[in-house]
Amino acid sequence: MVRALTENLFAQVVLATVLGLGAGLFFPALADDVGWMTTLFMQLIIMAVGPLLFCIVTLGILGAGSLKTVGRLGGKALIYFEIMTTFALGVAVLVAMELGIGRGVGFVPTAEDARMIASYGDHAQNLRAGGISGFLLSLVPRTPAEAFAQGNILQILVFAVFAGCCLNGMGERGAPLIRLIESISELFSRMMGVIIRVAPLGVFGAMVTTTARYGLETIGHLAGFTMLYFLLVGLFIIGALGGGLRFAGVNPARFARYFREELLIVATTTASDAVLPSLMSKLEKLGVERQVVGIVVPAGYSLNLDALSIYLGLAVIFLANATEAHLTIWQIATLLVTALITSKGAHGIPGFAIVILAATLASVPSIPPASLVMLLAVDWFAGIARAVGNFAGNCVAPVLIAAWEKRLDHTKMAEALKQP
């Protein structure tokens with residue numbers, strides 16, 4: 001048993017989760033001493049994920065061969081992402097309106113609430129400044145170094161696309177650079193492999209601090225919102241994503257079991273960056289061509305956020321009802337469009353959903369921004385479903401796009417999914 005615990009990351013994460021919950025409940029004072037563990041884990045991830053994504057996308061474009069192939073794969077991926085996120089957002093809004101979640105709360109934000117939420121509002125203002133044109137301009141970094149220094153994933157992706165396309169046309173003159181990028185990719189893949197071994201430490205710290213801060217009764221009158229969100233994300237995974245897998249000839253249950261370690265890490269850390277290399281490696285072992293994986297997965301981390309879309313749809317209606325703010329059809333449509341824009345680039349950083357929500361609410365002033373304070377208490381719990389749902393969507397997307405492109409090896413996948 002001891003050997004299994006020392007060698008099995010899955011078992012280590014489970015143990016860290018149980019110990020963290022127990023410590024947070026019975027020794028809440030410990031939270032001040034272990035909070036650094038989660039921060040350390042997240043900073044290690046942020047340190048490595050930008051360069052790794054750049055290498056993956058650049059090499060993915062080079063491996064795809066012609067730029068026509070890259071454009072076709074990228075175009076199909078964008079179409080798929082927008083259809084799925086729009087569908088998820090629309091269904092969430094309709095369900096929330098039908099059930100009337102948040103009615104009767106009668107929340108009236110105080111001055112203290114406004115001060116608490118001010119920092120989120122400042123970031124949100126920066127996020128949505130300039131509307132669509134501002135968003136498009138923000139995709140292009142002033143310098144590549146700035147994009148990496150700030151960890152701006154969308155800007156890194158744009159730079160990687162340009163680098164890959166240009167290297168594709170350089171022929172032999174670009175060979176030394178390509179070998180360098182391959183070596184850097186190997187370096188950061190190994191680095192992420194080391195970092196992921198620290199996951200139990202980050203999970204333990206997150207569990208202790210969160211449980212100690214909120215306790216088991218945190219949900220309170222937000223229980224309905226949180227439970228409904230979990231339910232909708234679960235139904236989306238089973239219905240939409242599972243249905244898509246079945247359509248592609250893949251067994252959803254075996255597919256989920258195949259990624260069980262990654263799913264648990266994502267659920268307990270509420271972040272998916274750490275498992276990116278493992279996800280891509282496992283998808284290739286499943287029979288998804290490397291070119292598809294290299295283009296679709298990194299792009300999906302920024303653009304294919306199904307569970308975040310569900311969260312935004314539920315949250316805006318919940319807050320509108322809780323503050324008794326009447327929304328017209330036009331205002332709801334504005335919220336939907338704003339949410340689709342502001343959610344791009346929110347690639348699974350814990351707590352960033354509040355910033356995205358603040359940016360979305362800013363398009364409809366009738367909902368008091370300070371009402372966001374209600375959701376802060378349960379944001380970590382919602383973050384579990386949010387992270388798992390987004391990760392599940394990015395596991396499935398490459399498979400479906402590979403099947404669409406006829407680049408999926410069904411025999412290889414069937415063999416891989418048979419393994420325990």
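The values are calculated or read from the model by the stated rules, or taken from the named source; none is laboratory data. Because the structure is predicted, anything quoted here is derived from the model rather than measured. Every residue, glycine among them, receives a Cβ derived from its backbone with ideal geometry; neighbour counts consider all protein chains shown. These accessible areas exclude ligands, DNA and RNA; they are computed on the full protein's heavy atoms, side chains included. Shrake-Rupley method; radii C 1.70, N 1.55, O 1.52, S 1.80 Å.
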Describe numerically, in nm with one decimal, the distance between label points set 7 Å from Cα along Cα→Cβ at Arg197 and at Leu94. 5.0 nm
Working note, segment 290-342: Cα radius of gyration (Å, one decimal) and Dmax (Å, whole number) are 15.2, 51
Express the accessible area of segment 264-315 per residue in Å², computed with a 1.4 Å probe while the remaining protein chains stay in the model. 18 Å²
Relative to the present Cα-Cα distance, how much length would full extension add between Ile46 and Thr328 at 0.36 nm per residue of separation? 97.5 nm
Carbon/sulfur fraction of accessible area - segment 154-215, other protein chains in place, 1.4 Å, %: 66 percent
How far apart, in nm, are two points set 7 Å out from the Cα along the Cα-to-Cβ line at Val14 and at Ala29? 3.3 nm
Determine one quarter of the surface area of the Cα convex hull of segment 227-314, which equals its mean projected area, and express it in nm² to one decimal. 6.1 nm²
Between Leu139 and Trp404, what length in nm is gained on full extension when 0.36 nm per residue of separation is reduced by their alpha carbon distance? 92.6 nm
J(HN,Hα) series, segment 329-336, from Karplus relation 6.51 cos²θ - 1.76 cosθ + 1.60, nearest Hz, glycine and proline x: 4, 5, 5, 5, 4, 4, 4, 4
Using every pair of alpha-carbon atoms in segment 134-192, split the distances into 10 Å bins beginning at 0 and state the percent of pairs per bin, rounded to integers. 21, 43, 31, 5
